[in-house]
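Notes follow once the structure below has been shown.
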Amino acid sequence: MSTLSPSEAQPNKSPALTLDPIGIIRSPYKEKFAVPRQPGLVSQAQAQLEMLPPYNEPSAFRGLAEFSHLWLVFVFHQTQDKGWNPTVRPPRLGGNERVGVFATRSTFRPNPLGLSVVRLLDMCKDGNKVWLELGGVDLVDGTPVVDIKPYLPWVDAVPDAHGGFAPAPPDLNMEVIFTPAAELVCARSHIPNLQQFISEVLAQDPRPAYKRQQQHWQEYGVRLHHYNVRFEVFGHLTRVLSLEIMPDNAQ
């Protein structure tokens, strides 16, 4: 009587794969709402990748400063417990048309992994703490990163590539204005270029696609840095009403 090995008994069953986070993103985006749908769309979006032991070994980053951009492989940690769907509704198609999940960058994937290209601004070390300063990020605060790879423009940027249903950057025609009170908070904040950052974030129109047809003022809130930003939208106009320090960050 022969005995089948686990791989022979279940030929379609692959062994479990365990990925250890090598670092954690510290980002101004405190929730999924209003995170840019692609990297690089908000130039003022800066974050830190805080390396975890034992991956905070400085020698592991030798030579990295020669590269201007990095690929980050990360985990969609806020949606990984929701499983995957074979078809999804991309916002780029108005949130109504379904396409296959593998034709999108949806978070609802068989394995909750994402890929993002970011600018490398600086590499920092303080005692045993090692972190990377990054720009153009589209990652929510607390995102686990499982790998870093250098971006190689001669192979990663393909000049004659086709972009499917997203052939070009989104048409960002949302005008963003600030009330005097909101402008004053931005001017007094210790966060550099805070007003420009908020403007770039809201210019993406983070609302669900189905709400973009509404023809009346509607108020929203989003947590950016340590502020609760209140704003209202009508058509192609966004008005920032106020910035309030979130309770956990109050002095």
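The values are calculated or read from the model by the stated rules, or taken from the named source; none is laboratory data. Owing to the predicted nature of the structure, the values given are computational and were not obtained by experimental measurement. Methodologically, a virtual Cβ is constructed for each residue, glycine included, from the backbone with ideal geometry; neighbour enumeration extends over all protein chains shown.
If you go through the stretch 204-233 and pick out every residue that is assigned to a helix (DSSP H, G or I) and touching a residue at least 40 places away in the same chain (Cβ under 8 Å), you end up with 2. Number of residues in the stretch 139-182 that are assigned to a loop (DSSP other than H, G, I, E, B), modelled with pLDDT of 95 or more and surrounded by 13 or more Cβ atoms within 10 Å (Cβ to Cβ) equals 7.
Could you list, in sequence order, the residues of the stretch 121-138 that are part of a strand (DSSP E or B) and aliphatic (A, V, I, L, M)? Lay out the reasoning, then the answer.
Step one: of the stretch 121-138, the residues part of a strand (DSSP E or B) are 121-126, 129-135.
Within the stretch 121-138, Leu121, Met123, Val130, Leu132, Leu134 meet the criteria.
Each residue in the stretch 212-247 was checked for being exposed (fewer than 15 other Cβ atoms within 10 Å of the Cβ), aliphatic (A, V, I, L, M) and either modelled with pLDDT under 90 or touching a Lys or Arg at 6+ places or on another chain (Cβ under 9 Å) (or both), and 1 pass. Looking for something free of Cβ contacts under 8 Å to residues at least 40 places away in the same chain and touching a His at 6+ places or on another chain (Cβ under 8 Å) - is there at least one such residue anywhere in the stretch 163-182? No. Given the criterion within 24 Å of Arg92 (Cα to Cα) and at pLDDT below 95, identify the matching residue among Ala250, Ala209. On inspection, the qualifying residue turns out to be Ala209. Within the stretch 67-88, residues that are over 10 Å from Pro144 (Cβ atoms) reach partners that are buried (at least 16 other Cβ atoms within 10 Å of the Cβ) and basic (Lys, Arg) with beta carbons closer than 6 Å, at six or more positions or on different chains, in the pairs His69/Arg119; Trp84/Arg109.
Scanning the stretch 1-57 for residues that are of a type in the set (Gly, Ala, Ser) and either touching a Leu at 6+ places or on another chain (Cβ under 7 Å) or at pLDDT 90 or above (or both) gives Gly23, Ser27, Ala34, Gly40, Ser43, Ala45, Ala47.
For the stretch 183-190, does any single residue satisfy the condition of being under 27 Å from Pro90 (Cα atoms) and either among the acidic types (Asp, Glu) or buried (at least 17 other Cβ atoms within 10 Å of the Cβ) (or both)? No - not one qualifying residue is present in the stretch 183-190.
Output the number of residues of the stretch 192-203 satisfying the condition of being in contact (Cβ under 8 Å) with a residue 60 or more places away in the chain and closer than 23 Å to Met123 by Cβ. Steps first, please.
In the first step, residues of the stretch 192-203 are kept if they are in contact (Cβ under 8 Å) with a residue 60 or more places away in the chain; the result is 193, 196-197, 200-202.
Subset that is closer than 23 Å to Met123 by Cβ: 193, 197.
Qualifying residue count, the stretch 192-203: 2.
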